[in-house]
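This report refers to the structure that appears directly beneath it.
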Amino acid sequence: MPQKTSEFPAKQRQINEDIKNGTFHSSYLIYGDEAYLRNQNRDKLRKALLGGGDAMNLQHYEGSGLNPAEIIDMAETMPFLADRRVIIVENSGFFKNGCPELADYLKKPAETVNFVFAETEVDRRKDMFKAVHAAGLDIECDTQDAETLGRWVAGKLQAEGKRISPRAISFFIDRVGTDMANIANEIEKLVCYTAERQEVTQEDIDAICANWLTSQIFAMTDAIVEKNQKKAMNLYYDLLALKEPSPKILALITRQFNLMLQVKEMTEHHDDMGRMMSATKLPRFIVSKYTGWAQHFTREELMKALEMCVENDEAVKTGRLDQVISVEMVIVGCSS
């Protein structure tokens with residue numbers, strides 16, 4: 001799992017202090033992969049900057065193709081019966097592609113305007129990033145590390161009157177992934193599921209929380225079986241964007257083909273569903289899924305797919321093959 005930027009805690013404390021003291025920078029840039037943190041900081045700043053004032057002093061611009069001159073004109077417009085005008089700009093591409101006109105304005109904006117920019121991608125070399133970095137505050141909301149997520153999970157459950165062991169927290173994060181919005185949804189489910197009981201156990205997590213990574217791997221396998229190479233690749237790149245490691249993805253794909261081969265062989269030997277369930281230690285509906293997938297491959301094709309997975313894994317471990325490309329090769333080879 002990736003490590004969060006070392007500047008994040010300090011920058012987050014600064015934003016919290018700005019809100020607490022009511023002393024704001026002229027512009028804020030919130031960016032990074034973690035949408036939950038981006039949206040949380042955006043909303044906190046919007047609420048604090050408006051200070052309960054009328055929303056007519058709030059302007060929200062979103063998407064590419066925005067007109068910087070229009071945004072500057074709005075920034076120069078005096079707020080109505082309020083101290084400031086708040087302008088939020090989201091996913092504009094200004095921080096990836098540059099915007100000289102707006103970057104120049106941010107160096108000396110009107111005293112009555114505050115900007116909040118929320119972007120997924122930025123280029124630190126561009127004029128916009130440099131302008132906010134010099135005159136305002138930028139914070140990178142990246143995927144948080146396991147320790148930080150663990151504290152956050154424990155804190156949210158504690159606020160609901162629940163307790164959870166470190167071991168259960170580790171199991172929970174491994175099961176649901178690192179996306180904080182998804183984690184928050186799963187915590188809500190756990191709170192409802194445990195009802196009046198205070199302890200949240202690993203058994204509770206196993207019973208109620210969706211295995212996010214497994215569901216994505218199932219969707220990818222569906223796409224491979226359907227020979228929908230583009231969809232399978234897109235699902236793979238989505239997993240990479242969410243910081244799932246390629247070796248882990250390859251291991252799960254290998255497991256899928258191994259189970260398909262098992263049920264293929266048992267089907268050819270006319271084994272019944274009960275025997276297949278016992279051998280694979282999987283419930284009936286999952287065994288049926290693998291049986292359906294296996295019908296799209298010959299036994300030789302499944303063995304060849306497994307050999308490719310094993311060979312690519314070995315090549316990655318010995319440095320002969322890039323780990324991202326290793327999975328791409330398996331997807332292409334099995335979905336062609």
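Just one of Thr267, Thr254 is touching a residue at least 40 places away in the same chain (Cβ under 8 Å) and among the hydroxyl-bearing types (Ser, Thr, Tyr); which is it?
Among Thr267, Thr254, only Thr254 is touching a residue at least 40 places away in the same chain (Cβ under 8 Å) and among the hydroxyl-bearing types (Ser, Thr, Tyr).
Quick one: how many residues across region 161-198 are touching a residue at least 24 places away in the same chain (Cβ under 8 Å), outside any helix (DSSP H, G or I) and open to solvent by 60 Å² or more (accessible area, probe 1.4 Å)?
2
Collect the residues in region 140-158 that are in contact with an Asp or Glu (Cβ under 8 Å, 6 or more places away or on another chain) and either of a type in the set (Val, Ile, Thr) or more than 14 Å from Thr178 (Cβ to Cβ) (or both), keeping them in residue-number order.
Within region 140-158, Glu140, Thr143 qualify.
Identify, please: which residue in region 306-323 is charged (D, E, K, R) and part of a helix (DSSP H, G or I) and is, among those, most open to solvent (accessible area, probe 1.4 Å)?
Once the filter is applied, the top-ranked residue is Lys317.
Being within 30 Å of Arg175 (Cα to Cα), in contact with a helix residue (DSSP H, G or I) (Cβ under 7 Å, 6 or more places away or on another chain) and open to solvent by less than 40 Å² (accessible area, probe 1.4 Å): is that true of Ile30 here?
Numbers: within 30 Å of Arg175 (Cα to Cα): yes; in contact with a helix residue (DSSP H, G or I) (Cβ under 7 Å, 6 or more places away or on another chain): yes; open to solvent by less than 40 Å² (accessible area, probe 1.4 Å): yes.
Yes; evaluated as a whole, the condition is true for this residue.
Out of region 112-159, which residues are open to solvent by less than 40 Å² (accessible area, probe 1.4 Å), under 28 Å from Asp174 (Cα atoms) and charged (D, E, K, R)?
Within region 112-159, Glu119, Asp142, Asp145 meet the criteria.
Tell me which residues, restricted to region 67-107, are β-branched (Val, Ile, Thr), more than 29 Å from Asp33 (Cβ to Cβ) and in contact with a helix residue (DSSP H, G or I) (Cβ under 6 Å, 6 or more places away or on another chain).
Within region 67-107, Ile72 is the sole residue that qualifies.
Among the candidates Phe95, Phe80, Phe24, which residue alone is open to solvent by 80 Å² or more (accessible area, probe 1.4 Å) and among the aromatic types (Phe, Trp, Tyr)?
Just one listed residue meets the conditions, Phe80.
Residues are listed down the side, and each one gets a yes or a no for (1) under 21 Å from Ser335 (Cα atoms); (2) modelled with pLDDT under 90; (3) in a helix (DSSP H, G or I); (4) open to solvent by 30 Å² or more (accessible area, probe 1.4 Å):
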{"position": "Met266", "(1), (2), (3), (4)": "no, no, yes, no"}
{"position": "His270", "(1), (2), (3), (4)": "no, no, no, yes"}
{"position": "Met276", "(1), (2), (3), (4)": "no, no, yes, no"}
{"position": "Phe285", "(1), (2), (3), (4)": "no, yes, yes, yes"}
{"position": "Lys289", "(1), (2), (3), (4)": "yes, yes, yes, yes"}
{"position": "Trp293", "(1), (2), (3), (4)": "yes, no, yes, no"}
{"position": "Glu300", "(1), (2), (3), (4)": "yes, no, yes, yes"}
{"position": "Lys304", "(1), (2), (3), (4)": "yes, no, yes, yes"}
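Step by step: first the residues of region 199-212, then only those that are within 21 Å of the chain's Cα centre (by Cα), of a type in the set (A, V, I, L, M) and part of a helix (DSSP H, G or I), then the one that is surrounded by the most Cβ atoms within 10 Å (Cβ to Cβ). Which residue is that?
Here the answer is Ile205.
Quickly run through region 162-195 and pick out the residues that are modelled with pLDDT of 90 or more and acidic (Asp, Glu).
Across region 162-195, the qualifying residues are Glu186, Glu188.
Kindly evaluate Lys230 against the criterion of being in a helix (DSSP H, G or I) and exposed (fewer than 15 other Cβ atoms within 10 Å of the Cβ).
In short, yes.
Which number in (1) within 25 Å of Trp212 (Cβ to Cβ); (2) open to solvent by less than 60 Å² (accessible area, probe 1.4 Å); (3) in contact (Cβ under 8 Å) with a residue 40 or more places away in the chain marks the one condition that Leu261 misses?
Here Leu261 clears every test but (1).
Pairs needed: first member in region 48-61, at pLDDT 95 or above and open to solvent by 40 Å² or more (accessible area, probe 1.4 Å); second member anywhere, basic (Lys, Arg) and not in a helix (DSSP H, G or I); C-beta distance under 8 Å; at least 6 residues apart or different chains.
Leu58/Arg85
The values are calculated or read from the model by the stated rules, or taken from the named source; none is laboratory data. Predicted, not measured: the structure shown is a model, and the values here were computed from it. We place every Cβ from the backbone using ideal geometry, glycine too, and count neighbours over all the protein chains shown. For the accessible areas, the whole protein counts, side chains as well, though only heavy atoms, and no ligand, DNA or RNA atoms are used. Shrake-Rupley method; radii C 1.70, N 1.55, O 1.52, S 1.80 Å.
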